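**Student:** Below: one structure in structure tokens.
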Amino acid sequence: GDTVIIPLIVTQPEITTDESAFRPAPEQVTWETVASGTQATGVQDQRFEIIASQQQLVSFWTRAHASQLQPPPLPDADFRRETLVAIFMGQRPTGGHAVEVRRVSDERGELYLDVAFVAPAAGAMTTQAVTSPWTLVRVLRGGYPVAWIRDASDGTLVGVARRTE
């Protein structure tokens, strides 16, 4: 009784791989909310910006805090090593609205921010004043020319922030 081992050869038909079907898993990127508020000035509509220079940061900070006599100190930023993304919700007729970044990821070298656009709950007491919610996020990785903004609730693309020099 010698045992004879017969190698089993399995041939597979050629499998065509659709390049677009292969999507690497999103890579989580380190990020933080630098600041947010509800009184951005002169911003009527939803808007997204990549802030790529000190001059742009000053301009953004001025708009975001224009209603305050004493704006808070400007945040520090290293534009070579990080990407700052500003998200303006646009004007809303009452208080209770907010824009919150929930997740930031790098997908195939592109930056994606999943954002929740929060509305006041039905029947909630809100200030009856026009507000303009905004948030500023720091991503600890530099050099992105664009940042894609998605709705965190359903993943739909709502806009893009482009870098301008």
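**Student:** Evaluate the following for residue 45: is it part of a loop (DSSP other than H, G, I, E, B) and either within 29 Å of residue 27 (Cα to Cα) or among the basic types (Lys, Arg) (or both)?
**Tutor:** Values: part of a loop (DSSP other than H, G, I, E, B): yes; either within 29 Å of residue 27 (Cα to Cα) or among the basic types (Lys, Arg) (or both): no.
Judged against the criteria, residue 45 is not a match.
**Student:** Moving on. Looking only at the stretch 107-132, which residues are of a type outside the set (A, V, I, L, M, F, W, C), open to solvent by less than 60 Å² (accessible area, probe 1.4 Å) and at pLDDT below 95?
**Tutor:** Passing the criteria: 107, 109, 120, 126, 131, 132.
**Student:** Tally time: how many residues in the stretch 33-71 are of a type outside the set (Lys, Arg) and either open to solvent by 50 Å² or more (accessible area, probe 1.4 Å) or in contact with a Cys (Cβ under 9 Å, 6 or more places away or on another chain) (or both)?
**Tutor:** Here is the first cut: in the stretch 33-71, the residues of a type outside the set (Lys, Arg) are 33-46, 48-62, 64-71.
Still in the list and also either open to solvent by 50 Å² or more (accessible area, probe 1.4 Å) or in contact with a Cys (Cβ under 9 Å, 6 or more places away or on another chain) (or both): 33, 36, 38-39, 41-42, 44-46, 54-55, 58-59, 62, 66-71.
Total satisfying the criteria: 20.
**Student:** If you check every pair at least six apart or on different chains, which have Cβ atoms under 8 Å apart with a residue in the stretch 41-55 that is on the phi > 0 side of the Ramachandran plot first and a residue that is open to solvent by less than 60 Å² (accessible area, probe 1.4 Å) and charged (D, E, K, R) second?
**Tutor:** Partner pairs satisfying both residue conditions: 42/63.
**Student:** Can you tell me which residue in the stretch 7-32 is least open to solvent (accessible area, probe 1.4 Å), limited to those that are among the hydrophobic types (A, V, I, L, M, F, W, C) and at pLDDT 70 or above? Outline the logic, then answer.
**Tutor:** Residues of the stretch 7-32 that are among the hydrophobic types (A, V, I, L, M, F, W, C), as a first pass: 8-10, 15, 21-22, 25, 29, 31.
Filter once more, keeping what is at pLDDT 70 or above: 25, 29, 31.
Numbers: 25: 83, 29: 11, 31: 72 Å².
So, considering only residues that are among the hydrophobic types (A, V, I, L, M, F, W, C) and at pLDDT 70 or above, the one least open to solvent (accessible area, probe 1.4 Å) is 29.
**Student:** What single numbered condition from (1) assigned to a loop (DSSP other than H, G, I, E, B); (2) open to solvent by 30 Å² or more (accessible area, probe 1.4 Å) fails to hold for residue 94?
**Tutor:** (2)
**Student:** Do you know which residues across the stretch 148-165 are open to solvent by 40 Å² or more (accessible area, probe 1.4 Å), in a strand (DSSP E or B) and acidic (Asp, Glu)?
**Tutor:** Scanning the stretch 148-165 gives no hits.
**Student:** Could you tell me which numbered condition residue 157 fails, if it satisfies all but one of (1) free of Cβ contacts under 8 Å to residues at least 12 places away in the same chain; (2) within 17 Å of residue 32 (Cβ to Cβ)?
**Tutor:** Looking at each condition in turn, residue 157 falls short on (2).
**Student:** Confirm whether residue 138 is touching a residue at least 40 places away in the same chain (Cβ under 8 Å), open to solvent by 40 Å² or more (accessible area, probe 1.4 Å), under 18 Å from residue 57 (Cβ atoms) and in a strand (DSSP E or B). Break it down stepwise before answering.
**Tutor:** On the way: touching a residue at least 40 places away in the same chain (Cβ under 8 Å): yes; open to solvent by 40 Å² or more (accessible area, probe 1.4 Å): no; under 18 Å from residue 57 (Cβ atoms): yes; in a strand (DSSP E or B): yes.
No.
**Student:** Search the stretch 53-104 for residues being more than 19 Å from the chain's Cα centre (by Cα) and hydrophobic (A, V, I, L, M, F, W, C), and hand back the single one that is nearest to residue 33 (Cα to Cα).
**Tutor:** 74
**Student:** Let me ask another. Keeping to the stretch 97-118, report how many residues are touching a strand residue (DSSP E or B) at 6+ places or on another chain (Cβ under 8 Å) and in a loop (DSSP other than H, G, I, E, B).
**Tutor:** First, the residues of the stretch 97-118 that are touching a strand residue (DSSP E or B) at 6+ places or on another chain (Cβ under 8 Å): 97-107, 110-118.
When the remaining residues are screened for being in a loop (DSSP other than H, G, I, E, B), the result is 97.
The total comes to 1.
The values are calculated or read from the model by the stated rules, or taken from the named source; none is laboratory data. Owing to the predicted nature of the structure, the values given are computational and were not obtained by experimental measurement. Glycine gets a Cβ as well: all are built from the backbone with ideal geometry, and neighbour counts include every protein chain shown. Protein only, heavy atoms only, side chains kept; ligands, DNA and RNA dropped before computing areas. Shrake-Rupley method; radii C 1.70, N 1.55, O 1.52, S 1.80 Å.
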